[in-house]
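Take this structure, written in structure tokens, and hold onto it; I'll ask about it next.
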Amino acid sequence: MRIGVISDLHVDLNELAGEPPVEEALLEVAAESELDGLIVAGDISNDASRSLAVLHLLKERSGLPVLFVPGNHDYWSKDNGIRDTWHLYRQFQMFDGCLSERPYLFGDEWVVVGNTGWYDYTLGEPEYSHDEFERMHAMDRTWQDSLYVNWGMSNGTFTATSMSAWNGSWPSIAAVRSSWSPIC
């Protein structure tokens, strides 16, 4: 089984005059590599609608299963101004390759799981407090997620909610592939 995995396409930021779009280059590499599937692990663009359009294009043009876990940039809606991040989450869930809290069976032996996850700060710089991270502002800089993403709860609460949903998906994974067991 040949599965291609890529992240951080940032197609809107990587558009260069006279160069083919990132999507075209990815489709070319996928075809040359004779992939059985493609996983895009987030940050396709800075707008949910554009990210979904790219996913549909990749799926239609490649003929491959295209799986996806939204990254923080995918939950932005810079072009459309949608501030309800749950609305964007539901839009991503409608894409049949979205892995958020939903396993995908590749063939008879592989199950792919994904989770949006979010900020839990465990790998953050130790000199910053949890409250400083939650404000999403440090050294005169503001994390853009604080401007474009609104889960309606703190980052910590969303992370706990997301992890709980992910942990709750294990029974459905077992149902997808009864003889499968996770490697931890």
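Out of the residues in segment 122-142 meeting the condition of being among the polar types (S, T, N, Q) and in a loop (DSSP other than H, G, I, E, B), tell me which one is surrounded by the fewest Cβ atoms within 10 Å (Cβ to Cβ).
It comes out as 122.
Also, quick follow-up: Any idea which of (1) more than 16 Å from residue 9 (Cα to Cα); (2) surrounded by 16 or more Cβ atoms within 10 Å (Cβ to Cβ); (3) within 14 Å of the chain's Cα centre (by Cα) is the one residue 54 doesn't satisfy?
That leaves (1) as the condition not met.
State all residues of segment 76-115 that are farther than 26 Å from residue 29 by Cβ and hydroxyl-bearing (Ser, Thr, Tyr); if no residue qualifies, say none.
Residues satisfying the conditions are 77, 85, 89.
Continuing with this model, one more query. With respect to the numbered conditions (1) assigned to a loop (DSSP other than H, G, I, E, B); (2) surrounded by fewer than 18 Cβ atoms within 10 Å (Cβ to Cβ), which one is the sole condition not fulfilled by residue 11?
Failing condition for residue 11: (2).
Another one. Write out, first by first residue and then by second, each pair whose Cβ atoms fall under 9 Å of each other, whose residues are 6+ apart or on separate chains, and whose first residue, in segment 1-28, is among the β-branched types (Val, Ile, Thr) while the second is modelled with pLDDT under 95 and exposed (fewer than 13 other Cβ atoms within 10 Å of the Cβ).
Qualifying pairs under 9 Å: 22/15.
The values are calculated or read from the model by the stated rules, or taken from the named source; none is laboratory data. Predicted, not measured: the structure shown is a model, and the values here were computed from it. Neighbour counts run over all protein chains shown; Cβ positions are idealised from the backbone, glycine included.
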